[in-house]
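Engineer: This is the structure, below, for whatever I ask next.
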Amino acid sequence: MDNDHRDIREDIEQTIASYKLANWHAHTYLLHAFVLEHGKPFTSAKKYGRKGTPKQCFYNAFRTMMRYNLTYVEGFCVNKDIGYLFHHAWVMNEDEPDVALECTLTQPDNYLYFGVPMAQKDVIVASLKSGVYGVLDTGKGLNHDFMRDFQKPEKAA
């Protein structure tokens, strides 16, 4: 598979291995392990809606999910040019489940996406409980309750 369409699963696995090699606490890579276990690759990406606030991907994805009744996705992106893996959020449409709909980054085709689609009601409840828009990492620590109880959203009939 060419570099423009590769699955970033290996990048996430390498990050986990690096943390383990450095003997870092499991908390450090739990987010990565959760996304690896429950997430999926997105084969393409495109801009969706108007550009959201820079560096506010969790807010932008939450707002877009609510406004357009889409599925919230949280996981990781890799910049194709520099190979940097980072925690990120975007949305998807059930009609195109392999397409990341980007509402923050300006050039989504420069990134590879791997993330966990989440049921709208679960995202809303998690955000209300934590007081932030990011679901998996609240900024005050990982959302262990959400991760423990996570169930993939059912397909809309």
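The values are calculated or read from the model by the stated rules, or taken from the named source; none is laboratory data. These figures come from a predicted structure and were not determined experimentally. Methodologically, a virtual Cβ is constructed for each residue, glycine included, from the backbone with ideal geometry; neighbour enumeration extends over all protein chains shown.
Engineer: Quick one: would you say ALA61 is outside any loop (DSSP other than H, G, I, E, B), touching a residue at least 40 places away in the same chain (Cβ under 8 Å), of a type in the set (A, V, I, L, M) and touching an Asp or Glu at 6+ places or on another chain (Cβ under 7 Å)?
Structural biologist: no
Engineer: Can you find even one residue in segment 142-149 that is surrounded by 20 or more Cβ atoms within 10 Å (Cβ to Cβ) and closer than 13 Å to GLY75 by Cβ?
Structural biologist: Looking through segment 142-149, none of the residues is surrounded by 20 or more Cβ atoms within 10 Å (Cβ to Cβ) and closer than 13 Å to GLY75 by Cβ.
Engineer: Can you tell me which residue in segment 115-131 is surrounded by the most Cβ atoms within 10 Å (Cβ to Cβ), limited to those that are under 21 Å from GLU94 (Cα atoms) and in contact (Cβ under 8 Å) with a residue 60 or more places away in the chain?
Structural biologist: Residue satisfying both the conditions and the ranking: GLY115.
Engineer: For the subset of segment 27-49 comprising residues that are among the aromatic types (Phe, Trp, Tyr) and not in a helix (DSSP H, G or I), which member is surrounded by the most Cβ atoms within 10 Å (Cβ to Cβ)?
Structural biologist: The extreme case among them is PHE42.
Engineer: Can you tell me which of ASP95, ASP81 is of a type in the set (Asp, Glu), free of Cβ contacts under 8 Å to residues at least 60 places away in the same chain, touching a helix residue (DSSP H, G or I) at 6+ places or on another chain (Cβ under 7 Å) and more than 16 Å from PHE114 (Cα to Cα)?
Structural biologist: Of ASP95, ASP81, the one residue that is of a type in the set (Asp, Glu), free of Cβ contacts under 8 Å to residues at least 60 places away in the same chain, touching a helix residue (DSSP H, G or I) at 6+ places or on another chain (Cβ under 7 Å) and more than 16 Å from PHE114 (Cα to Cα) is ASP81.
Engineer: Conditions: (1) at pLDDT below 90; (2) in a helix (DSSP H, G or I); (3) under 22 Å from PRO117 (Cβ atoms). GLY52 meets all but one. Number of the miss?
Structural biologist: (2)
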